[in-house]
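A.B. asks: This structure is in structure tokens; I'll ask about it shortly.
The values are calculated or read from the model by the stated rules, or taken from the named source; none is laboratory data. This one's a predicted model, so the numbers in the text were calculated from it and none came from an experiment. Don't worry about glycine lacking a Cβ; one is built from the backbone with ideal geometry, like all the others, and counts go over all protein chains shown.
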Amino acid sequence: MHKTDRIFVAGHRGMVGGAVVRTLKAAGYENIIVRTHAELDLCDPAAVRAFYASEKPDVAVICAAKVGGIGANSAGNATFLYENSLIAMNTVMGAYEAGVKRLLFLGSTCIYPRLAPQPIPETALLSSPLEKTNEGYALAKIAGLKLCEYLRRDRGVCYHSLMPTNLYGTGDNYDVVGGHVLPTMIRKFETARVNGDATVTLWGTGTPLREFLHVDDLAAACLFVLEMEDPPDLVNVGSGVEITIRGLAEKIKAATGCPAEIVWDALKPDGTPRKLCDTSLIRSLGWVPKIDLDAGLERTIAEYRSSIADGTLRK
Ligand code: GFB
């Protein structure tokens, strides 16, 4: 990738796309092309084809997706499968048809089987059944990464994928129904602290294990693989550190200074019991994460408080 390349970042208004744009610019890549949803509907193949034909990017980074936490996914598998399949097929095949030579496709470690070996190596893909709560999303992401793999193998373009673990950070979605666990917990504990509530209700049993990565670390990993001449087809990105959901709740309760008691609603789903990705491949290539969970949480809580104060919270 060259500093003068025209780089299309799909999904720049999302948490991941926003971080990728910031990171590319900070590294001296100024020629970045973005489109809002209103300007370009990525589910519309003709619109995406016309966009690529007129803009002719050299590189595409596909961060756009319909995303959500366990609540949104389990209630909306049909939509998650449909929209994410369309976005993946249109952005990847559209790029290929327009002669884009380089493309990075982003997915999620929920592409791996529910009971994959832990930590989960890239080779666990398609080795056994998926977690049901997010099967639709996972299938769409698997289709996208496979399309990249086939185009690279059969047609000689450098299309490759990164699979990040559970992400959090700047620009996250704080919707308590559809959001992911970490921003939701920040919002729940902060709201309880401000309102003086006696309890905070969280979902499931608190026993599942998750791994969290700050989105700026992911963006650095994106730049790292984009600057490689011959990156592997599929690479995991994670912090390598896991924590129980109960442990995360205790951490956020302490970091927000919220005295409320935690109540677990076991009628809500736990999802996959454990999801720690094996990051030995990306580490062997030379990438390491820089933001540990305590530092990342401190920063994210401060950003949450300032976005509440200035009315810019995404929810
Ligand atoms: O982050 P999360 O929504 O999704 O939930 P997944 C992680 C865990 O946190 C589950 C528990 O065990 C939840 O039961 N949890 C506890 C809560 N309290 C809450 C709460 O208030 N809100 C939420 N949302 N969870 C998603 C997938 O899976 O992860 C996506 O559905 C994607 O496809 C994403 O892969 C990264 O980690 O289970």
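A.B. asks: Taking interchain pairs and intrachain pairs at least six residues apart, which have beta carbon atoms under 7 angstrom, with the first residue in region 12-25 and closer than 13 Å to ALA221 by Cα and modelled with pLDDT of 95 or more and the second of a type in the set (Ser, Thr, Tyr) and assigned to a loop (DSSP other than H, G, I, E, B)?
C.D. replies: ALA19/THR170
A.B. asks: Which of the numbered conditions does LYS3 fail, given that it passes all the others? Conditions: (1) under 24 Å from VAL215 (Cα atoms); (2) more than 16 Å from the ligand (Cβ to nearest atom); (3) surrounded by 15 or more Cβ atoms within 10 Å (Cβ to Cβ).
C.D. replies: All conditions pass for LYS3, except number (3).
A.B. asks: Return the total of residues in region 252-287 being more than 22 Å from the chain's Cα centre (by Cα), within 13 Å of the ligand (Cβ to nearest atom) and surrounded by 14 or more Cβ atoms within 10 Å (Cβ to Cβ).
C.D. replies: Result for region 252-287: 4.
A.B. asks: Also, quick follow-up: Quick check: is even one residue across region 134-150 small (Gly, Ala, Ser), within 22 Å of LEU209 (Cα to Cα), more than 9 Å from the ligand (Cβ to nearest atom) and not in a strand (DSSP E or B)?
C.D. replies: no
A.B. asks: Return yes when SER127 is away from the ligand (no atom under 11 Å from the Cβ), hydroxyl-bearing (Ser, Thr, Tyr) and surrounded by 17 or more Cβ atoms within 10 Å (Cβ to Cβ) and no when it is not.
C.D. replies: Criteria not met by SER127.
A.B. asks: Which condition from (1) of a type outside the set (D, E, K, R); (2) more than 9 Å from the ligand (Cβ to nearest atom); (3) in contact with a strand residue (DSSP E or B) (Cβ under 9 Å, 6 or more places away or on another chain) is the one that TYR174 breaks?
C.D. replies: All conditions pass for TYR174, except number (3).
A.B. asks: If only one of THR244, THR279, THR256 is at pLDDT 95 or above, closer than 15 Å to LEU218 by Cα and among the hydroxyl-bearing types (Ser, Thr, Tyr), which one is it?
C.D. replies: THR279
A.B. asks: From PRO231, PRO208, which residue is within 9 Å of the ligand (Cβ to nearest atom) and of a type outside the set (Asp, Glu)?
C.D. replies: That would be PRO208, the only listed residue that is within 9 Å of the ligand (Cβ to nearest atom) and of a type outside the set (Asp, Glu).
A.B. asks: A further question follows. Within region 177-204, which residues are among the polar types (S, T, N, Q) and near the ligand (Cβ under 8 Å from one of its atoms)?
C.D. replies: Those that are among the polar types (S, T, N, Q) and near the ligand (Cβ under 8 Å from one of its atoms): THR184, THR201.
A.B. asks: In region 151-171, which residue that is of a type in the set (S, T, N, Q) and buried (at least 22 other Cβ atoms within 10 Å of the Cβ) is farthest from the ligand (Cβ to nearest atom)?
C.D. replies: SER161
A.B. asks: Just name the residue that is surrounded by the fewest Cβ atoms within 10 Å (Cβ to Cβ) out of those in region 82-118 that are among the small types (Gly, Ala, Ser) and part of a helix (DSSP H, G or I).
C.D. replies: The qualifying residue surrounded by the fewest Cβ atoms within 10 Å (Cβ to Cβ) is SER85.
A.B. asks: State yes or no: is ASP154 free of Cβ contacts under 8 Å to residues at least 60 places away in the same chain and either in a helix (DSSP H, G or I) or over 20 Å from ALA64 (Cα atoms) (or both)?
C.D. replies: For ASP154, the condition - free of Cβ contacts under 8 Å to residues at least 60 places away in the same chain and either in a helix (DSSP H, G or I) or over 20 Å from ALA64 (Cα atoms) (or both) - is met.
A.B. asks: I'd like to check something: does region 185-204 contain any residue that is among the aliphatic types (A, V, I, L, M), surrounded by fewer than 22 Cβ atoms within 10 Å (Cβ to Cβ) and closer than 24 Å to TRP287 by Cα?
C.D. replies: no
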